[in-house]
Each structure stands twice: as C-alpha cells, then as structure tokens.
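The values are calculated or read from the model by the stated rules, or taken from the named source; none is laboratory data. Keep in mind that what you see is a predicted model, and the values were worked out from it rather than measured. Every residue, glycine as well, gets a Cβ built from its backbone with ideal geometry; the counts of neighbours run over all protein chains shown. These area figures cover heavy atoms from the full protein model, side chains too; ligands, DNA and RNA do not enter into them. Shrake-Rupley method; radii C 1.70, N 1.55, O 1.52, S 1.80 Å.
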Amino acid sequence: MAAPGGEPASILVLQPLPESAPVGGQRVDGRSLENARDILLRTGLVSQAAGSSYVEFGDTKVMAAVYGPRPTDRREGFSQRGFLTVDVKLASFATRERGRVQQGPAEREMSEAVGTALRAAVLREHFPKAAVDVWVTVLEADGSEAAAATTAGALALADAGVPMRDLVAACSLARMEGGAVVVDPCGAEQAQQTASAMLAVMPSADLVTGAELQGQWTSQEAREAVVLALGGCRELAEAMQETLQEAAAEAAQ
Amino acid sequence: MAVPVVCPGDILCAASEAIAGSGAHVEGEAIRASLVGSVRRVPADAAAPDQRPTIEVIRRGLQQGTPKPGDIITAKVVRINPRLAAVDVLCVGDIPLDTTFTGTIRRQDVRATEVDSVAIADSFRPGDLVRAEVLSLGDSRSYFLGTARNELGVVYARHSTSGQAMVAHSWQEMRCPETQAVEKRKVAKIAS
C-alpha cells in the first residue's frame, strides 16, 4: 500500500525483454539460427472431446480439442461438404501482461489462419451436413503461437478420427535486426522481429496449406524462408506421426 | 503380433493395386490413409467385376460418423403429422451418436406397397424407437429416412394407455402383454 505522500512500497514491474537479435550465430536462448526448440506432443487429454492434443514448442504451450461431427444449423443451408470451424483463444494468463477474456482481433486473425491451414487437409466430403469444431487454447505464449496452434489442431483432428488427406505441420520464422532469419522464434525474438513468416505444410506430399509472410521479403529471401520452414515442418511431422502411433499402440493394449 | 499403425497421409499402395475403402482415399497415383489405425486388406468377392482387394484403415475406438445414404439407423419418433414422422437419429448402425441428427420419414417412404393409403398415426407414434434406412441427405433441416422393407419399422413402442412395452403381433399391429389391447404400427420384422 502506498504511504501517504511517499513512494509506493513495492511495485511489480515487468522486466524489459532482452535484446534478442542473434550475435555471432547464437540466439538469446543459446540456439543456432536454424534450431527449433524442443517440442512435446501428446494426444487424448480432454476425455469429453472427440479428440484432443497438447503441444509445447519450448515454453509455448497450446492445447486443442475437437468436437463433432455435429449437425449444422439449418440457417447455414445444405452442404455436400462438412464445415470445419477453428477457434483460437489465448488464455488470459498466457501473455506477459494479462490478456482479455473475449477473443481479440489478433486471435480472430489467428483463428482464420489456422482454419485455412487445417481445412485444406480435412476430407470434408466425409461428413456432409455436419460440422467439426476445433477449439485451441494457448496456455502460454512464448513465440510461434500460430504454428503451435496449427500443429495442435491437426494432431487433435487425427486423434478424433476426422478423415484427413494428411497431417499438417507448421513452422514459424522471424527476421531479426541485422537481417538474420531464425527458425521458431521465442517470445523475445517475436516481439523484436522485423519480418515474419509462417508455413503450414502437409508433409507427405509437400503441399503447403497455409503461408503467411509479414514485413518486407524479396522473392529470393521468401524462397529461402520457405525452404527453411519446410525443413522445420518435416521434422515436426515425423514427431507428430510418432506421437499418434504410440498413442494408438497404447490404446490397443 | 503388433500391427503397424498408419497415420493420415501415409501411402498404403498404388491406386491401381486396390480399391480405397473406409479410412483410405485416393490421392493422385497412390492410396493414402485418412485415419490413424491399422491397415486391413479385404479380398474382392469372387463374383465382383473388379478383382482388386479393398484396402481399409481400421481405427480403434468408436468412430463417430454421420448418417450416409444406405445406412441403417435407429431413431426415436419425436413428432408426427399426417404427412410425416419427425425423428431424432440416435445410432448409426451399431454406433450410438454423441449428438442427435434430425430425420424425417415421409408418408410415401413408410412402406413399399399402397403408399397412398398410409396413415402416419397408424404407423408411428411419438416415443417409438424405429429402425430405418437413410434414403438421402435430405435438406438442410433433416435427413430423409425410409422404412419400406420388412426388417425396418418400429422396434419398440409403449402402449398409449397402459404404458407397457408392446409385443409385435403382425407387421401392422402390436399388442400390450397385460391388457391384450392392440395398436397399429408399421412393425419391423426382427429376424429370430
């Protein structure tokens, strides 16, 4: 409590973010430019949902739950192809400063991006007149939230048994001050980036389902970024397959 | 022996070697898996024109599906009027659904013969459990269902006054076991 007429006794102050441009090929957390963070992938955590997943990219923690297929509202009319709705929400405790309870414009944009990436991979003809809902919650946001949300959504859809053409793996890149392009930026890097790129890929066929580039990219730089991101996505896809296979083997016992 | 588990997108075989069954789809020149599960090859019938085996991916656990034309479903009658019976679809085949889909049994789809003389109130009543076939996806509001086969129709109904579960008496009548009172229904012939 502030003493009358005096300085406040103590105030919790957010520490400023560290300077995160890579120095001599080493990033603020010790990684090399092309290193993605350690990942953790799990499925089947939300027992009420048809399918669910939990994904960690370093300290970024994302949870996804899939519900459906459920009948669509009659106002949406007859459709031979099912609907896939994706909703991404950052928990209010996910960011350094407390976030809003309602979905903000950034979350709506992320929902659109993740929805586009996942919709291309789902065989919507297999559930006509029905809708599948994907609810993604970001529990801790420390960079690459959109990529983690896309990956978690794809894992949850596979866990739910929604027919898919392929899994979807997503990878983010950031260009930092000084021009270095880093893979899988952490929160400090993402806050200080000068340009960003996110790629969502169906790994078996190397088909891109989502691509978002922000900032200035020459076509040469964009090509290099895509190649870098593709490599990151392939590694992620292998890990996703292992996770799904282990979960299926456990369920078989 | 552990059966290898495939993930969506995994190539199962060339499209020319097999037919894609449930859980698999054709993508270009290859048949790929659509689900996480184990692969099963079903050889073609000796009489089938296409002798390629069918390749399927079987997923463990309940596969929540949506009603497709040709499926046999179990539904509960919610509401009737002279033209149709509105039902809630509860199960597709043997699998109970998490959410109910709306279905309609129209007067002309209740039975195969003498469709003009069908009275819905003599075929179904609210609360009956009915086994029906999905005729089509219908419109945005409901699936179109039909009971025009011997084995389709009411499988469980309670008598309107005594409340007892009735026993099938003929293809058109069900009888209350206590009061012996008879009510008209389009009764399903359940193979014994």
Subject >> Among B:Leu35, B:Leu97, B:Leu135: highest mean-square fluctuation, GNM of chain B, C-alpha pairs under 10 Å >> reply: B:Leu35
Subject >> Gap separating the Cα centres of segment A:202-250 and segment B:68-100, nearest whole Å >> reply: 42
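Restricting to DSSP loop positions (anything but H, G, I, E, B) with no more than 16 other Cβ atoms inside 10 Å of their own Cβ, which GluC sites (Glu not before Pro) remain in segment B:4-94? Can you show the working numbers first?
On the way: sites: B:Glu17, B:Glu27, B:Glu29, B:Glu56; in loops: B:Glu17, B:Glu29.
Hits after loop and neighbour filter: B:Glu17, B:Glu29.
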Original post:
Any idea how far the Cα center of segment A:63-90 sits from the one of segment A:118-196, in Å?
Top reply: 18
**OP:** Please return the longest stretch of chain A lacking exposed loop sites, where chymotrypsin sites (Phe, Trp or Tyr not before Pro) count only if DSSP places them in a loop and at most 16 other Cβ atoms lie within 10 Å.
**Re:** A:94-253
Original post:
If the cut-off is a Cα-Cα distance under 22 Å, which lysines reach B:Lys186, setting aside same-chain residues fewer than 8 apart in sequence?
Top reply: B:Lys76
Original post:
Which residues of segment B:26-42 end up with at least 10 Å² less accessible area in the presence of all protein chains than when their chain stands alone, using a 1.4 Å probe?
Top reply: B:Glu27, B:Arg32, B:Ser34, B:Leu35, B:Val36
**OP:** Please report, in Å, the Rg and the Dmax of chain B, where both are computed over Cα atoms only.
**Re:** 20.9, 66
Original post:
For segment B:137-188, which trypsin sites (Lys or Arg not before Pro) are both in a DSSP coil and crowded by at most 15 other Cβ atoms within 10 Å?
Top reply: B:Arg141, B:Arg149
Subject >> Debye intensity ratio I(q)/I(0), log10, the protein assembly as shown, q values 0.06, 0.10 Å⁻¹ (C-alpha model) >> reply: -0.37, -0.82
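B:Ala119: net charge of surrounding residues, Cβ under 12 Å, Lys/Arg +1, Asp/Glu -1, itself excluded?
On the way: positive: B:Arg83, B:Arg107, B:Arg111, B:Arg125, B:Lys184, B:Arg185, B:Lys186; negative: B:Glu114, B:Asp116, B:Asp122.
Overall, the nearby charge balance is +4.
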Subject >> At least 20 Å² of accessible area lost relative to the chain alone, listed for segment A:68-86 with a 1.4 Å probe >> reply: A:Pro69, A:Pro71, A:Arg74, A:Phe78
Subject >> Other-chain or far-sequence residues with amide H under 5 Å of A:Phe127's (modelled H) >> reply: A:Gly82
Subject >> Computed [θ] at 222 nm, helices only, for chain A once each DSSP H run of length n ≥ 4 contributes -39500 (n - 2.57) >> reply: -9500 deg cm²/dmol
Subject >> Accessible surface, per residue, of chain A when the full set of protein chains is kept, probe 1.4 Å, Å² >> reply: 49
Subject >> Heavy-atom accessible area per residue - segment B:82-134, 1.4 Å, Å² >> reply: 48
Subject >> Antiparallel DSSP beta bridges within the protein assembly as shown, as percent of all bridges there, nearest 5 >> reply: 85
Subject >> Qualifying GluC sites (Glu not before Pro) for segment A:84-120 [loop in DSSP, other Cβ within 10 Å: at most 12] >> reply: A:Glu97
Original post:
What's the angle, to the nearest 10 degrees (0 to 90), between helix A:219-252's Cα axis and the longest principal axis of chain A?
Top reply: 60
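When every alpha-carbon pair in segment B:60-168 is counted, what percent end up more than 21 Å apart?
On the way: 1871 of 5886 pairs.
Tail fraction, whole percent: 32.
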**OP:** Nearest 100 Å² is fine: how much accessible area is buried between A and B, summed over both sides, with a 1.4 Å probe?
**Re:** 2400
